[in-house]
Ligand code: NAD
Ligand code: WQD
């Protein structure tokens, strides 16, 4: 299948490329490298021994999109491109709405011009907001609590309208829980700019000595050890969920949302312990005040993905820590070069 992958140089996109190329799909990556490096694509080529098109472009650039769609004529789009930092989204909400929502609209318009009817969208568990019950199933009300989460929720709503506007259209909304880990080779992984916001890359940087200690945000939550509990999902499992979603969209029209998680939660201190075991290092940490906007616990009910997509997470928290450690210890500076702008 000819598949256009927006944001394909990013963390989840690059891991998904390995799956897609492994299945001999014909790929075109579109990325503006605002949060990634072309080096990730070089490493994907090395790992797979497969080639694909890549175009440096912005999803908000209608002319560039038209040219790419006319030339490549994709049969499906996997749409990763977007800004993703929750804290930053509160400071520059318009940038987030512009990038994530207008960018998605431009993409849908370009899809229409060439009759491309299938899209798999990177949504997020953050669309649910404060849990009314756990685990979250897909019927849980959506009430995101920050601008980033609202961009994901609004794009989901746009995709619902688009999918119902023609009986030929198909949209699959993947609500990722907490992606973590790296490819087992250690040659691709997560390479955040500046101080990492997320737990696993922060711990990895403490482990290699780039940061002194981990601040554990809150030790008084109503969880088994008082620290925040999340459903961590290995990025390689996430990648295989995209394969399943593309296949599903080839066989089904309409719109469907899926939780992509394991159904099991781990606390911050459990992640620290698992990382210590994987790296044979001690991770110094201090219990700090809660981070504003955090919830105590978030866990997926992944049954629907298993039933309809035939997908289930296979890898464990230990696998996530081992691979994150391998990536970080082999790539102290990530992909090396600061991302282009
Ligand atoms: P990432 O930042 O590593 O990848 C996103 C990619 O999109 C980057 O390569 C970036 O350069 C590109 N991009 C951003 N804006 C663009 C634009 N306007 N035009 C072209 N390219 C653009 O992030 P990721 O972790 O791989 O996340 C991928 C998607 O999954 C994002 O949409 C994110 O919101 C979503 N998501 C991520 C997580 C997570 O914790 N990593 C969780 C849930 C959902
Ligand atoms: C996990 C746990 C923190 C860092 C975010 C987004 C969500 C999704 C995934 C995109 C929490 C604790 C963290 C640290 C800590 N992204 N923590 N010290 O907040 O669950 O989800 O990423 O869609 O939308 O909100 O992930 O990795 O930031 O935090 O103690 O330095 O680790 O408090 O309990 P989160 P996270």
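The values are calculated or read from the model by the stated rules, or taken from the named source; none is laboratory data. In this text, all values refer to a predicted model and were calculated from it rather than measured experimentally. Cβ placement follows ideal geometry from the backbone for every residue including glycine, while neighbour counts extend to all protein chains displayed.
Test residue 208 against the criterion of being surrounded by fewer than 16 Cβ atoms within 10 Å (Cβ to Cβ) and in contact with a helix residue (DSSP H, G or I) (Cβ under 6 Å, 6 or more places away or on another chain), and give yes or no. Considered against the rule, which asks whether it is surrounded by fewer than 16 Cβ atoms within 10 Å (Cβ to Cβ) and in contact with a helix residue (DSSP H, G or I) (Cβ under 6 Å, 6 or more places away or on another chain), residue 208 comes out as yes.
In summary, strands (runs of 3 or more DSSP E) completely within region 163-241 and bearing 1 or more residues that are farther than 30 Å from residue 115 by Cβ occur at 178-180, 214-217, 232-234. Of all residue pairs spaced 6 or more apart or on separate chains, those with beta-carbon atoms under 6 Å, a first member in region 224-236 that is at positive phi and a second member that is away from ligand 1 (no atom under 16 Å from the Cβ) are 226/219; 226/220. Scanning region 129-143 turns up no residue that is on the phi < 0 side of the Ramachandran plot and within 17 Å of the chain's Cα centre (by Cα). Can you name every residue in region 244-276 that is closer than 20 Å to residue 171 by Cα and either free of Cβ contacts under 8 Å to residues at least 60 places away in the same chain or more than 16 Å from ligand 1 (Cβ to nearest atom) (or both)? Hits for region 244-276 are 244, 247, 248, 249, 250, 251, 252, 253, 254, 255, 256. Remark: pairs (first residue in region 127-143, closer than 13 Å to residue 296 by Cβ; second residue surrounded by 13 or more Cβ atoms within 10 Å (Cβ to Cβ) and at pLDDT below 95; Cβ separation under 6 Å; 6+ apart in sequence or on different chains) are absent.
Listed conditions (1) farther than 25 Å from residue 85 by Cα; (2) surrounded by fewer than 24 Cβ atoms within 10 Å (Cβ to Cβ); (3) in contact with a strand residue (DSSP E or B) (Cβ under 8 Å, 6 or more places away or on another chain) are all met by residue 63, apart from (3). Would you mind stating whether residue 279 is closer than 30 Å to residue 158 by Cβ, in contact (Cβ under 8 Å) with a residue 12 or more places away in the chain and out of contact with any strand residue (DSSP E or B) (no Cβ under 6 Å at 6 or more places or on another chain)? So residue 279 does not fit the description; no. Among the residues that make up region 321-339, is at least one of them in contact with a strand residue (DSSP E or B) (Cβ under 6 Å, 6 or more places away or on another chain), closer than 23 Å to residue 219 by Cβ and surrounded by 14 or more Cβ atoms within 10 Å (Cβ to Cβ)? No, region 321-339 contains no residue that is in contact with a strand residue (DSSP E or B) (Cβ under 6 Å, 6 or more places away or on another chain), closer than 23 Å to residue 219 by Cβ and surrounded by 14 or more Cβ atoms within 10 Å (Cβ to Cβ).
Looking only at residues in region 267-317 that are in a strand (DSSP E or B) and surrounded by 14 or more Cβ atoms within 10 Å (Cβ to Cβ), which one is farthest from ligand 2 (Cβ to nearest atom)? Before the answer, list the steps.
First, the residues of region 267-317 that are in a strand (DSSP E or B): 267, 285-288, 297, 300.
From what is left, the residues that are surrounded by 14 or more Cβ atoms within 10 Å (Cβ to Cβ) are 267, 285, 287, 297, 300.
Working: 267: 8, 285: 8, 287: 9, 297: 9, 300: 12 Å.
Within region 267-317, the match that is farthest from ligand 2 (Cβ to nearest atom) is 300.
Residue-by-condition table, conditions (1) farther than 30 Å from residue 310 by Cα; (2) touching a residue at least 40 places away in the same chain (Cβ under 8 Å); (3) away from ligand 2 (no atom under 15 Å from the Cβ):
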| site | (1), (2), (3) |
| --- | --- |
| 165 | no, no, yes |
| 168 | no, yes, yes |
| 187 | no, yes, yes |
| 197 | yes, yes, no |
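Tally time: how many residues in region 242-266 are in a helix (DSSP H, G or I) and surrounded by fewer than 19 Cβ atoms within 10 Å (Cβ to Cβ)?
So in region 242-266, the residues in a helix (DSSP H, G or I) come out as 242-251.
The next check asks that each one be surrounded by fewer than 19 Cβ atoms within 10 Å (Cβ to Cβ); those that pass are 247, 250-251.
Of the residues in that region, 3 qualify.
Among the residues of region 138-157, those identified as assigned to a helix (DSSP H, G or I) and touching a strand residue (DSSP E or B) at 6+ places or on another chain (Cβ under 9 Å) are 148, 149, 152, 153, 155, 156.
For first residues located in region 1-13 and in contact (Cβ under 8 Å) with a residue 24 or more places away in the chain, partners that are part of a helix (DSSP H, G or I) and near ligand 1 (Cβ under 7 Å from one of its atoms) and lie 6+ apart or on another chain with Cβ distances below 9 Å form the pairs 5/13; 6/13; 6/103; 7/13. Does region 50-57 contain at least one residue that is in contact (Cβ under 8 Å) with a residue 40 or more places away in the chain and buried (at least 23 other Cβ atoms within 10 Å of the Cβ)? No, because not a single residue in region 50-57 is in contact (Cβ under 8 Å) with a residue 40 or more places away in the chain and buried (at least 23 other Cβ atoms within 10 Å of the Cβ).
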